[in-house]
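Derivation of every value follows stated rules applied to the coordinates shown; laboratory data play no part. Everything quoted here is computed from the prediction, not taken from an experiment. Quick reminder, even Gly has a Cβ in these numbers, built from the backbone with ideal geometry, and neighbours come from all protein chains shown.
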Amino acid sequence: MAVMTKTEAKKFMGMDDRMIDILDFLKNKGVLNEENHRKILLGGYFRLVEYLEKEKVITGSQATAAQKNGFDDLIGALQ
Amino acid sequence: MYGWAGQRLRVNLSNGKITKEPLSYEYRRKWIGGRGFNSEVIYNETPPNMDPYDPEARVCIGIGPLSGSAAPSTGRVTVSAKSPLTGGFGDSNMGGHWGAEVKYAGYDQIIIQGRSAKPVYLWIDDDKVEIRDAGHLWGKYPREADQMIKEELGDEDIHIMLIGPAGENMVRFACTFNDVWRAAGRTGTGGVLGSKNLKGIATRGSGTVKIADPKKMMEICNELRQKFKTDVMKEGLYEYGSLCLINVANRDGWFPWKNFQEGAHPKADNMSGETHSRTVLKHREGCYACPICCGRFTQIKDGEWAGEEFGGPEYEHAVPTGPRCGILEDANAIWHNARLTNDYGMDGIECGGTIAAAIEWYEKGLITTKETGGLELEWGNEAVVEKLIRMIAKREGFGDILAEGADRAADRLGLGDKGHYYTITTRGMTLPGDDPRGLGFGYGLSFAVGTRGGCDHLRSLCCLELSGALYPGLNTKLLGDERANRPVTTVGKPYMVYYEENQKATTDCLNVCCFTTHWSYAVQTEDQVNYLNATTGLDFTEEEFQEVGERIYNLERAYWNRLMSGVREDTVPERFLNEPMPQGVDYQTNVGATFPLNDMLLKYYRYRDWDPKTGFPSVKKLKALGLENVAKDLEPLRTKYLSESEKKKKKWYC
């Protein structure tokens, strides 16, 4: 599911530290609510990927790649 | 009840009153144990403006629900107090076997308050608790007092927590020990116990720890022990102890040569773990239930100090009164100095860091032999450093000034900002021997924001940066970015620090050794929750567990905020901000690096939900963590801090 424009993706790709910005972005887009934003922040990046797959924001194969390769792949999948 | 003993012991040394207080289900669930219990008591029972040596100031000694169980490396004990060194929140933890004994005696926590009229020690024999005379123990080294108490009580198998002569003399960085050599080294809790005239706590426990699901617990523990058999970090720690870091630090440019003037030295191998093992290692020692056995026992075999034996040293124990003071030629002098700080009962980091600062003041002409009482402070002068250690412990002459710690000593000598430039501290506590310009920017950030001042590898524990690369894929799993493995970069570091601080706080609630959970990553959060639940029979989720860590971190932060310590104090020594790492030796990889604090600090605040103008936790965050009382405490202080922020300089300590 495309939740991010190319320009937005480019901005995130250029960041040194992405977690809070991406979680805030997904909350603003309505993908995350306050509660799961908090849970994922506490739990780590892999919890974000698990959540996005469960909510069908990304596919199973995208999730597998994102778990293996990190934000670079996840940002690609969110475009 | 499973896991916990379910009660804490409160001892008032002023009136001799001893009480046992039950710990409710809600309380245990909210704070878990160890550091959690202690931080709660210190916050609520030792007001921030109270003198740390006031009789009513508390010392809390906490263990966790796993203490005394079969879970790996559950021998840690957390000791907490308002720090006489920093004036702020203080705690430190130690290994050994005493913690398990406290659990077997039936307690999860011991709170000491009041002041005895004369030196005493506490004798806990299960539910029988007695305050005994310690006049004959006063002035003794922990190893001497330990033996004397065992003989007096007629039991060689008891375990004892003790302070040394430095604690009795209220040196501001005196330690608390147990099993003679295992030190809760930082923040000066030994001096607080000394101010109460309490020499130690001898303990015999004949009880046990009830495990809710013993079969599952054994399965988990066996699986974890199997992991350790092949764990890469365990191997290094077992073979060489934490001295295994010497050659790594030297290779990567974070070796604190001459008070961090340089990051490497060609002769660092003189004191490496490899050299130590080959030359002076007598045997290895493990703490309670530990599959790693990183502890060393050293025997000096030749030279001036031949025949000396002691437990240790650790990297952070050996480096400060060694290379940090320019001593590296003769490793025996380094081992000897480490033995001395142990016997006197002092934090080697603050002791060596303060001496190193004094040597640099002398080098730069800020002090002369007039201030030092005739001592010529020069780098590498083994005799002078050795003499200063003794003078500090006894508070003699110039040593009495240095016994205040680096920042207070700078003020007592009237050295102003120039003097503080060479005190390598944050919030009044000397940083360990880890230069963030080489070890990593995550470490540097954690030094800036640590809730006990200049933190070390056993506290904020930004080890994803140090050992993350040895666990391929780990930083991707947790942070989403494998590039965070690289130390001298800001990539992923604010989130790494936030994540690790929370994890370390929960690890300290369980009183599990962080060498299993953070240095080594053989035990991860899901494993911790599994063995916590198997032990207690409760149903902690990972999220609830991690939230306890966040709660503790914010509570400790609020303690500092109540002392008007916030964003102004969230910094690192100016040397790291201003001085590019010089060329040391050929293989140094971080030449030219300075530490980019500002690039990371504001992002870190966003993770924490702390106000960037004050550095105070937001009301929303505190309420979400169940800290409504803390939100109320901070409310009037927020505007006060803001109104002062323009005119006030940072506080060196509180």
Point to revise | Projected-area mean, chain A, by convex hull of Cα positions, square nanometres | key: 4.5
**Study point:** Rounded FRET efficiency, nearest 0.05, which uses the C-beta distance separating B:Arg390 from B:Lys632 and R0 of 30 Å
**Key:** 0.05
Check your understanding: Roughly how many Å is it from the Cα centre of segment B:20-76 to that of segment B:124-175, as a whole number?
Key -> 21
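B:Asp127 to B:Val591: extension gain in nm, 0.36 nm per residue of separation minus the Cα-Cα distance?
Full-extension gain reported as 161.1 nm.
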Review point. Which whole-angstrom value gives the distance between the alpha carbon centres of segment B:611-646 and segment B:428-453?
Key: 24
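With the cut-off at 1.5 for a/c, could you classify segment B:529-571 from its C-alpha gyration tensor as rounded, prolate or oblate? All intermediate terms of the calculation are to be shown ahead of the outcome.
On the way: a/c = 4.78, a/b = 3.64, b/c = 1.32.
The shape class here is prolate.
So what is the relative contact order for chain B, in percent, with contacts set as C-alpha pairs under 8 Å and at least six apart? Write out the running numbers ahead of the final one.
Details: 1574 pairs, mean separation 99.2, N = 654.
Reported relative contact order: 15 percent.
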Point to revise | Cross-link reach list, lysines versus B:Lys370, counting only Cα pairs under 27 Å and skipping chain neighbours closer than eight places | key: B:Lys258, B:Lys387, B:Lys394, B:Lys418
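Relative contact order for segment B:1-146 using alpha-carbon pairs under 8 Å, separation at least 6, rounded to a whole percent?
For segment B:1-146, the relative contact order is 27 percent.
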**Study point:** Tail weight of P(r) past 14 Å, computed on alpha-carbon pairs of segment B:403-473, percent
**Key:** 61
Point to revise | Alpha carbon convex hull of segment B:436-645, volume per residue in cubic angstrom | key: 121
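Using the Kirkwood formula on the Cα atoms of segment B:251-422, what hydrodynamic radius do you get, in angstrom to one decimal?
For segment B:251-422, inverting the mean 1/r across all distinct Cα pairs yields 16.5 Å.
Taking every pair of distinct Cα atoms and averaging 1/r, then inverting, what Kirkwood hydrodynamic radius in Å comes out for chain B?
Values: mean 1/r = 0.0411 Å⁻¹.
About 24.3 Å for chain B.
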Review point. Between the DSSP loop rule and a limit of at most 15 other Cβ atoms within 10 Å, which GluC sites (Glu not before Pro) in segment B:361-409 are left?
Key: B:Glu376, B:Glu378, B:Glu396
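Looking only at other chains, what is the average number of their beta-carbon atoms within 10 angstrom of each beta-carbon in A:61-68?
Averaged over the peptide's residues, the number is 1.
Taking 1 over the mean of 1/r across every pair of different Cα atoms in segment B:497-622, what Kirkwood radius in Å do you get?
Numbers: mean 1/r = 0.0584 Å⁻¹.
Final number for the Kirkwood radius of segment B:497-622 is 17.1 Å.
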Check your understanding: So what does log10 I(q)/I(0) come out to for segment B:557-654 at q = 0.13, 0.20 Å⁻¹, using the Debye formula with one equal point on every Cα and no solvent?
Key -> -0.56, -1.00
Revision key, fill the gap. Cα-Cα pairs in segment B:221-273 separated by more than 15 Å, as a whole percent of all pairs, come to 54
Point to revise | Ratio of the Cα radius of gyration of the protein assembly as shown to 2.2 N^0.38 Å, where N counts its residues | key: 0.91
Review point. Average projected area of the Cα convex hull of segment B:121-268, in nm²?
Key: 13.2
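Would you please name the GluC sites (Glu not before Pro) within segment B:624-654 that are DSSP coil residues with at most 10 other C-beta atoms within 10 Å of their C-beta? The partial results should precede the final answer.
Values: sites: B:Glu628, B:Glu644, B:Glu646; in loops: B:Glu646.
Here the GluC sites (Glu not before Pro) that fit, given the DSSP loop and packing criteria, are B:Glu646.
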Exercise for review: Could you give me the percent of Cα pairs per 10 Å distance bin for segment B:26-166, shortest bin first, beginning at zero and ending with the bin that holds the maximum distance?
Suggested key: 11, 37, 39, 12, 0
Point to revise | Ranked list, fewest to most other Cβ atoms within 10 Å of each Cβ, for B:Leu66, B:Leu470 | key: B:Leu470, B:Leu66
Revision key, fill the gap. Given the candidates B:Pro636, B:Leu243, B:Gly64, the one whose Cα lies deepest towards the positive end of the charge dipole of the protein assembly as shown, counting +1 at each Lys or Arg C-beta and -1 at each Asp or Glu C-beta, is B:Pro636
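Just how large is the dipole of segment A:6-78 about the Cα centre, in debye to the nearest 20, putting +1 at every Lys and Arg Cβ and -1 at every Asp and Glu Cβ?
Values: 12 positive and 12 negative charges, 29 e Å.
It works out to roughly 140 debye.
Give me the orientation-averaged projected area of the Cα convex hull of segment B:225-347, in nm², one decimal.
Numbers: hull surface 31.3 nm².
Result: 7.8 nm².
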Review point. Taking 0.36 nm per intervening residue step and subtracting the Cα-Cα distance, what contour gain separates B:Lys649 from B:Glu378 on full extension?
Key: 94.4 nm
Study note, to complete from the structure: For segment B:251-422, averaging the sequence separation of alpha carbon pairs under 8 Å that lie six or more residues apart and dividing by its residue count, the contact order in percent is 17
Review point. How far is the Cα center of segment B:493-534 from the Cα center of segment B:293-367, in Å?
Key: 30
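Provide the packing ranking of B:415-422, B:311-318, i.e. peptides ordered by the mean count of other C-beta atoms within 10 Å per residue, highest first. All intermediate terms of the calculation are to be shown ahead of the outcome.
Details: B:415-422: 17.4, B:311-318: 24.6.
Going by the mean number of other Cβ atoms within 10 Å, highest first, we get B:311-318, B:415-422.
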Point to revise | 10 Å Cβ neighbours from other chains, averaged over peptide B:602-612 | key: 2
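Determine the shielding of peptide B:544-551 by partner chains: average, over its residues, the number of Cβ atoms on other chains within 10 angstrom of each Cβ. Intermediate results must be reported in sequence, preceding the final value.
Details: counts 1, 1, 5, 3, 0, 1, 3, 0.
Mean partner shielding for this stretch: 2.
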Review point. Among B:Thr19, B:Leu563, B:Ala105, whose Cα lies farthest out toward the positive end of the dipole of the protein assembly as shown, if unit charges sit on the beta carbon of Lys, Arg (+1) and Asp, Glu (-1)?
Key: B:Leu563
**Study point:** Where labels lie 7 Å past Cα in the beta-carbon direction, separation of B:Thr368 and A:Lys11 in nm
**Key:** 6.1
